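The values are calculated or read from the model by the stated rules, or taken from the named source; none is laboratory data. From a predicted model like this one, the values you see are computed outputs, not experimental measurements. Neighbour counts run over all protein chains shown; Cβ positions are idealised from the backbone, glycine included.
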Amino acid sequence: MTAPSTSVPTTDDGQQDLPRSPGGGDPFDRDILPTPPGATAALLRSLLAPMKARVALTTFLLLLQQAAVQAGPLLVAYAIDSAVPASRADDHGPLIAVGVGYLLCALAAGGLQYWFIIAAARVNQDVLLDLRGRIFRHAQALSIDFHERYTSGRLISRSTTDVESLRELLNEGLQELVTVVLSFVYISVTLLWLDLGLGAVAVASFVPLYLLVRVYQRRAGRAYRIRSTAIAAVIVKFVETMNGIRPVRAFRRETANDADFRVLNSRHERANGDALLEMARYVVGSRLVANTAVAGIVLWGAYRVAGGSLALGVLAAAVLYLRRLYDPIDRLGMFLNSYQSAAASLEKIAGLLAQTPSVPEPSTPRQLPALTTEHPGREVVFDAVGFGYRTGGEVLPRFDLTIPAGQTVAVVGSTGAGKSTLAKLLARFYDPSAGRVLLDGVDLRDLDVPELRRGVVMVTQEAFLFSGTVAENIAIGRPDATHEEIERAAKAIGAHEFIAALPDGYDTDVRKRGGRISAGQRQLVAFARALLADPAVLILDEATSSLDVPGERAVQRAMQTVLHGRTAVVIAHRLSTVEIADRVLVMEHGRIVEDGSPAELVAGTGRFADLHRAWRDSLA
Ligand SMILES: Nc1ncnc2c1ncn2[C@@H]1O[C@H](COP(=O)(O)OP(=O)(O)O)[C@@H](O)[C@H]1O
Ligand SMILES: [Mg+2]
């Protein structure tokens, strides 16, 4: 197993050549990840390191097997030049020895190959298993801002197409490639030893073959890269369209999508065709070189045999060797193909694995002080916090905010004011660009995952359900919860009635027929999930937006008991939600422009008073 020596300049999916839609909303127009130099080789080393001994064993088996295979023509030469003449003189020993030797070599070659295939398959399996596991673990550990850029289509492409191309190389290509290289070495040495002149001609024929391989590699490599780019684009388009199938339907995007997809799809096929064409050229060229070399050797050899300066057996061995050597050369193109595509894939995977989370785990985590039953909440402090997304300007200019333990804070403000951003900083989806977010005086960056999970939970409007039962979905934040606890959480939030009415109640599979639940019901499940997780700080970001007014009322009533003593940040569109709050923050353009109790703000003359009046009027 050799490290890929060709450097394939992939910057992820190399989208520069792809069609762009004029709106700039092109899915391929996103930030892409360059692979740091050396990352690919380092990845390969780390994959093979735990199986050094087994790799050495498989290599050794292949060496032995090749020796057994390449002994054949030598035995033929010996038979023609020595054993047959001896046999004519009634000494049959040498001929029998040759026959037995040939048989033994064939048996050894077969047995060794069998052993090699099994040993290599085990190594390959373990490598691929490890690699796919790493991709999943790593992608899952990367921060939200990474996923916003990289898209799930790319990740799917990494763990399917790219892993598969590596599998192809490991299972077929690599063995063949190593075999060809080994036989080149064996045969060159043997031929030169048998006859310097013939050997030199054979070795000289490797030069044009080598050049041919290089040219092919370069040209097919290009076609291959375009092909892998194109297939990634096809997958990305596919996944995006199907993920967004509702808006696609709603806006009748099908025809436009079809057209986009056709472009990408045909681009992939064209690249495939180009690669095949290069392959055909290569096969024809390499055969031409090989046959010319064989013809030359036969001609010159026959001339020398006639003149008595070359033994017939040596000529026979030379021709046999060359045939053996040139036969796999046709296929060498294919191995190089899979080698190149695997190198490109490995490089992309290495690029992904080299990403570090922008929200890293602390090296020396700190503990939060213990909570008491009367005060299950924690104090939240935004200390000179400023923030901007990687792709844009400043969203939150520096600000300070203290939320005492147990307080329920409502955050209101127009769309784009920065409410969700504030919430996401508190949930540590992102780290602030400046300042610190403190939980009971401890920087969020110093909390490890379990501590953070017990500390802060955020419920958003996109209440996602995982495949599994309703009960499992509720228990995600606390997998050890009993059925009673799950039911209690659902009852507290008013979700029990609808769950009990499902075909299998709490054991209904949410992805199965009959298990379909509405957006509002999904939100109730998400609430129950958050309740059960029992965090010290609960964030609700428009989490009641899919509920009807009575549903929202019910949740609010439940919230008042649930939130009691807990610190809560409630972001809501409907001002009715604000009534359960101890304090209201009004945000505009990333700034907190009003801060006070609901009564104070309503009585005042600010933004909130206006909003509240408008809302009251709309109810009347
Ligand atoms: N993931 C993101 N990447 C870049 N910009 C973002 C992202 N999310 C939000 N923004 C920008 O940050 C600003 C505040 O957004 P947000 O906090 O979601 O507002 P709100 O929740 O108050 O509607 C907006 O201008 C929005 O365009
Ligand atoms: Mg928002």
Would you confirm whether any residue within the range 403-411 is among the hydroxyl-bearing types (Ser, Thr, Tyr), outside any loop (DSSP other than H, G, I, E, B) and either modelled with pLDDT under 95 or farther than 20 Å from GLU594 by Cα (or both)?
-> yes
Tabulated pairs, the range 412-434, first basic (Lys, Arg), second near ligand 2 (Cβ under 8 Å from one of its atoms) and outside any loop (DSSP other than H, G, I, E, B), C-beta under 7 angstrom, 6+ apart or interchain | LYS419/ILE571
Failed condition for ASP541, given (1) charged (D, E, K, R); (2) more than 16 Å from ligand 1 (Cβ to nearest atom); (3) closer than 16 Å to VAL457 by Cβ, with all others met?
-> (2)
Pick out the one residue from SER414, SER433 that is at negative phi and within 16 Å of ligand 2 (Cβ to nearest atom).
-> SER414
Does any residue of the range 88-101 turn out to be of a type in the set (Asp, Glu), surrounded by 15 or more Cβ atoms within 10 Å (Cβ to Cβ) and out of contact with any Gly (no Cβ under 8 Å at 6 or more places or on another chain)?
-> no
Got at least one residue in the range 132-139 being over 30 Å from the mean Cα position of the chain (by Cα) and surrounded by 18 or more Cβ atoms within 10 Å (Cβ to Cβ)?
-> no
State whether one or more residues within the range 389-401 are assigned to a loop (DSSP other than H, G, I, E, B), assigned by TED's automatic domain parsing to the domain that holds ARG574 and within 16 Å of ligand 2 (Cβ to nearest atom).
-> yes
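Could you pull out the residue among ILE144, ILE156 that is closer than 17 Å to PRO357 by Cβ, surrounded by fewer than 19 Cβ atoms within 10 Å (Cβ to Cβ), touching a residue at least 12 places away in the same chain (Cβ under 8 Å) and of a type in the set (A, V, I, L, M)?
Answer to the check: ILE144.
Please go through the range 455-475 and pick out each residue that is outside any loop (DSSP other than H, G, I, E, B) and surrounded by 18 or more Cβ atoms within 10 Å (Cβ to Cβ).
Across the range 455-475, the qualifying residues are GLY455, VAL456, VAL457, MET458, VAL459, THR460, THR469, VAL470, ALA471, ASN473, ILE474, ALA475.
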Considering the range 365-387 alone, what residues qualify as being under 32 Å from the mean Cα position of the chain (by Cα) and either within 16 Å of ligand 2 (Cβ to nearest atom) or aromatic (Phe, Trp, Tyr) (or both)?
-> PHE387
Residues (under 11 Å from VAL459 (Cβ atoms) and either at pLDDT 85 or above or within 16 Å of ligand 1 (Cβ to nearest atom) (or both)) located in the range 546-570 = ALA568, VAL569, VAL570
Criterion violated by GLN556 - all others in (1) closer than 25 Å to GLY406 by Cβ; (2) polar (S, T, N, Q); (3) within 16 Å of ligand 2 (Cβ to nearest atom) satisfied | (3)
Any chance you could count how many residues in the range 564-586 are of a type outside the set (Val, Ile, Thr) and crowded, with 23+ Cβ neighbours inside 10 Å?
-> 2
Which is hydrophobic (A, V, I, L, M, F, W, C) and either touching a Pro at 6+ places or on another chain (Cβ under 6 Å) or under 24 Å from SER576 (Cα atoms) (or both), of ALA434, ALA417, ALA475, ALA471?
-> ALA417
Looking at this structure, is TYR389 aromatic (Phe, Trp, Tyr), crowded, with 16+ Cβ neighbours inside 10 Å and more than 18 Å from ARG583 (Cβ to Cβ)?
-> no
Selection from the range 413-458 of residues touching a Gly at 6+ places or on another chain (Cβ under 6 Å) and closer than 16 Å to SER143 by Cα yields SER433
Any hit, the range 217-229, residues being exposed (fewer than 15 other Cβ atoms within 10 Å of the Cβ), in a helix (DSSP H, G or I) and touching a helix residue (DSSP H, G or I) at 6+ places or on another chain (Cβ under 8 Å) = no
Considering only residues of the range 416-454 that are among the aliphatic types (A, V, I, L, M), part of a loop (DSSP other than H, G, I, E, B) and within 24 Å of THR364 (Cβ to Cβ), which is nearest to ligand 1 (Cβ to nearest atom)?
-> ALA427
Look at ARG529 and say whether it is of a type outside the set (Gly, Ala, Ser), more than 16 Å from ligand 2 (Cβ to nearest atom), modelled with pLDDT of 90 or more and part of a helix (DSSP H, G or I).
-> yes
Any residue in the range 248-269 that is under 30 Å from TYR210 (Cα atoms), assigned to a helix (DSSP H, G or I) and under 27 Å from the mean Cα position of the chain (by Cα)?
-> yes
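Among the residues of the range 554-596, what is the count of those that are assigned to a loop (DSSP other than H, G, I, E, B) and either outside the structural domain of GLY386 (by TED's automatic domain parsing) or not charged (D, E, K, R) (or both)? Spell out the reasoning first.
Narrowing the range 554-596 to residues assigned to a loop (DSSP other than H, G, I, E, B): 563-566, 572-574, 581-582, 589-590.
Right, trim to either outside the structural domain of GLY386 (by TED's automatic domain parsing) or not charged (D, E, K, R) (or both) and you get 563-565, 572-573, 581, 589-590.
Summing the residues that are assigned to a loop (DSSP other than H, G, I, E, B) and either outside the structural domain of GLY386 (by TED's automatic domain parsing) or not charged (D, E, K, R) (or both) in the range 554-596 gives 8.
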